[in-house]
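Trainee: If you scroll down you'll find the structure; I have some questions about it.
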Amino acid sequence: MNKKTVAVVGASGYSGEELVGILLRHPDVELAAITSRQYAGKLLSEVFPRFANYPIAKKLKFIDSQPDQLAKLADVVFLALPHGVAASYAAPLLNSGAKVIDLSADFRLRSPEVYKEFYGTDHPAPELLKKAVYGLPEIYRDQIINASLIASPGCYPTSILIPLIPIVKKGLIDSDNIIVDSLSGVSGAGRKLETDYLFCECNESLRAYGFPKHRHLSEIEEQISFSAGSKVVIQFTPHLVPVNRGILTTIYLKPSDNNKNLNDLSSKMESVYKEYYSNSPFVRILKSLPDTKNITGTNVIEFSWKCDPRTGRVIIVSAVDNLVKGAGGQAVQSMNVLCGFNETDGLTLA
């Protein structure tokens with residue numbers, strides 16, 4: 001099989017760095033270009049010494065990002081850029097024939113109106129929204145195969161949608177009664193200098209933020225609504241916790257009217273998940289509760305559930321690494337599907 005050439009735009013952020021590391025060890029690709037305004041002209045091994053043992057890291061230099069140049073260098077271009085910026089690269093890259101996998105939020109939504117509501121500005125390329133495929137391979141594998149523009153999901157949505165979508169589609173839970181709490185490591189905020197994310201501000205401290213209307217709510221609600229066949233609104237509260245990476249999500253659900261027997265509901269959920277994710281190597285369904293230490297550095301999502309007869313609720317707990325399954329790893333997983341590679345190529349299962 002011929003190797004694909006790939007480029008990473010915005011390779012100096014946390015997600016970009018993780019993505020570069022995965023691509024360096026990927027058997028089916030050649031890393032042809034990395035971009036960073038801050039580090040343009042510097043060697044990859046100089047900026048990230050942890051990659052110094054890869055021969056290419058001592059040759060490959062960061063460059064300024066020019067879409068026309070990148071399209072000539074790479075078959076697939078990853079955009080690890082802030083929302084609002086990525087869209088300006090997508091159109092010229094697509095017009096030049098490159099496949100684009102965007103890690104920002106610019107193409108995750110179908111509606112430009114919803115984008116403006118949650119991101120506070122008009123969408124910079126609304127004509128591309130219908131062209132984009134939501135890059136959650138476990139759900140949209142068949143669509144990703146033929147995509148030219150893939151919108152890689154956010155880290156919080158990944159931890160929520162994979163456990164929720166199958167049981168919402170089957171009508172097992174009341175989609176009008178969903179409450180979610182998520183805890184995220186500090187790297188989820190990106191590599192930036194802001195007071196809120198300094199060590200002394202985060203260490204030995206827990207805090208909620210971005211509620212009651214976190215930006216990721218837009219894609220979470222849109223995707224759940226697609227599965228439910230009607231508009232769904234959920235309650236979502238994210239929290240910052242003093243760890244480097246990892247997300248732990250707790251989802252509180254009420255059974256649908258036809259599934260009030262919790263023992264039967266739990267059995268149905270198990271059957272649905274086993275069938276739905278039978279060919280999904282990165283979904284790990286547990287009997288015990290997930291722990292972020294078991295998924296750190298991997299592209300795996302773990303989840304399990306318990307039924308609480310006292311409250312009549314079902315509680316799902318999931319864990320993902322926000323930089324791998326929640327960002328760079330999931331983007332590579334989509335690339336593997338897109339290019340016809342083994343879905344696990346370059347990605348860590350354990």
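The values are calculated or read from the model by the stated rules, or taken from the named source; none is laboratory data. The structure displayed is predicted, hence computed values, not measured ones. Counting neighbours? That spans all protein chains shown, and the Cβs are built from the backbone with ideal geometry, glycine included.
Trainee: Within the set of pairs 6+ apart or on separate chains, which have a first residue in the range 207-235 that is assigned by TED's automatic domain parsing to the domain that holds Asp181 and modelled with pLDDT of 95 or more, a second that is part of a loop (DSSP other than H, G, I, E, B) and basic (Lys, Arg), and C-beta atoms under 6 Å apart?
Mentor: What qualifies is Glu219/Arg108; Ser225/Lys231.
Trainee: Conditions: (1) closer than 23 Å to Gly329 by Cα; (2) under 19 Å from the mean Cα position of the chain (by Cα); (3) surrounded by fewer than 21 Cβ atoms within 10 Å (Cβ to Cβ). Ser278 meets all but one. Number of the miss?
Mentor: (2)
Trainee: Any idea which of Pro153, Pro166 is assigned to a helix (DSSP H, G or I) and at pLDDT 95 or above? I'd like the intermediate steps shown before the answer.
Mentor: Details: Pro153 fails: assigned to a helix (DSSP H, G or I).
Of Pro153, Pro166, the one residue that is assigned to a helix (DSSP H, G or I) and at pLDDT 95 or above is Pro166.
Trainee: Run down Leu31, Leu60, Leu19 and say which single residue is under 27 Å from Glu343 (Cα atoms) and touching a Phe, Trp or Tyr at 6+ places or on another chain (Cβ under 8 Å).
Mentor: Leu19
Trainee: Taking the range 23-53 as the search range and keeping residues that are more than 16 Å from Val9 (Cβ to Cβ) and in contact (Cβ under 8 Å) with a residue 60 or more places away in the chain, which one is surrounded by the fewest Cβ atoms within 10 Å (Cβ to Cβ)?
Mentor: Residue satisfying both the conditions and the ranking: Pro27.
Trainee: Under 9 Å between Cβ atoms, which residue pairs at least 6 apart in sequence (or on different chains) link something in the range 252-266 that is under 11 Å from Cys307 (Cα atoms) and in the same structural domain as Arg310 (by TED's automatic domain parsing) with a partner that is aromatic (Phe, Trp, Tyr) and modelled with pLDDT of 95 or more?
Mentor: Leu253/Trp305; Ser266/Trp305
Trainee: In addition: Scan (1) surrounded by fewer than 20 Cβ atoms within 10 Å (Cβ to Cβ); (2) part of a helix (DSSP H, G or I) for the single condition Thr5 breaks and write down its number.
Mentor: It is condition (2) that Thr5 fails.
Trainee: State which residue is nearest to Val332 (Cα to Cα) when the search covers only the range 94-103 and only residues that are out of contact with any Gly (no Cβ under 8 Å at 6 or more places or on another chain) and not in a strand (DSSP E or B).
Mentor: Among them, the one singled out is Ala98.
Trainee: How about the range 46-81: which of its residues are part of a strand (DSSP E or B) and aliphatic (A, V, I, L, M)?
Mentor: Answer for the range 46-81, where residues must be part of a strand (DSSP E or B) and aliphatic (A, V, I, L, M): Ile63, Val76, Val77, Leu79.
Trainee: Just name the residue that is nearest to Phe107 (Cα to Cα) out of those in the range 313-332 that are touching a helix residue (DSSP H, G or I) at 6+ places or on another chain (Cβ under 6 Å) and of a type in the set (A, V, I, L, M).
Mentor: Ranking the candidates gives Ala327 first.
Trainee: Considering only residues that are charged (D, E, K, R), within 18 Å of His83 (Cα to Cα) and more than 17 Å from the chain's Cα centre (by Cα), which ones fall in the range 1-38?
Mentor: Across the range 1-38, the qualifying residue is only Arg37.
Trainee: Another one. Only residues that are among the small types (Gly, Ala, Ser) and not in a strand (DSSP E or B): list them for the range 18-45, please.
Mentor: Answer for the range 18-45, where residues must be among the small types (Gly, Ala, Ser) and not in a strand (DSSP E or B): Gly21, Ser36, Ala40, Gly41, Ser45.
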